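Single-structure report; data block below.
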Amino acid sequence: MSTSYLTQAIGSIADRNFSFIDEDSTVAEAARKMRDKDTTSILVTKKGSADPLGIVTERDILYRVLAQDKDPFSTLLKDVMNYPLIFTDENSSIKDGICLMRNRYIRRLPIKKEGKVTGIVTLKRIVGNIPSQGIDLAEVELPKGRPGNEIICPYCQQKFEDRDKIPYHIDKVHLLNC
């Protein structure tokens, strides 16, 4: 990763397409709103408040609702959302954002300016914005045990036969000391 990229303000790459929904809304209502806004997550607020307290993602809907045979038309967001939210300031560096996401085991980071949410940054968006790096996330996300497919490090293009070796390689060779 380029040093100048890592020192940029994280707000410069934030996705401004985000939505809010009340915690007493159903999962089905959130899914419709996410579809209509063409987004993969939605910030959840307390009734009557503009301040988000949690987040629900497509993955949450799949794993915490559908895979557990819960009814999306009766399950409330407050029962499946991720909380509390972790925020960063829009002037924080991209490096600081990466470190915060790694240390807190999160993939989405809401960005604030003067106390108000101005965007969301995802790990996918960070990787997708790395200049002069032709990174194909599909190469990293190939399923285990697919014979004949090499897994390629998105940073240095080193090839691996075993998908389980990539995280160790990336941590040891490429990732920041957070």
Compute the signed sum of charges (Lys and Arg +1, Asp and Glu -1) over the other residues within less than 11 Å, Cβ to Cβ, of D79. 0
Residue-normalised accessible area of segment 1-105, given per residue in Å² at a 1.4 Å probe: 55
Distant-in-sequence amide H partners of V121 (H built 1.01 Å from N, under 5 Å): D15, L109, I111
Among K47/K124; K46/K112; K33/K70; K46/K116; K47/K78; K95/K124, which pairs are too far apart, with a Cα-Cα distance over 21 Å? K47/K124
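The values are calculated or read from the model by the stated rules, or taken from the named source; none is laboratory data. As the structure is a prediction and not an experimental result, all values here were calculated from the model. Cβ coordinates were reconstructed from backbone atoms using ideal geometry, including for glycine residues, and neighbour counts include every protein chain displayed. For the accessible areas, the whole protein counts, side chains as well, though only heavy atoms, and no ligand, DNA or RNA atoms are used. Shrake-Rupley method; radii C 1.70, N 1.55, O 1.52, S 1.80 Å.
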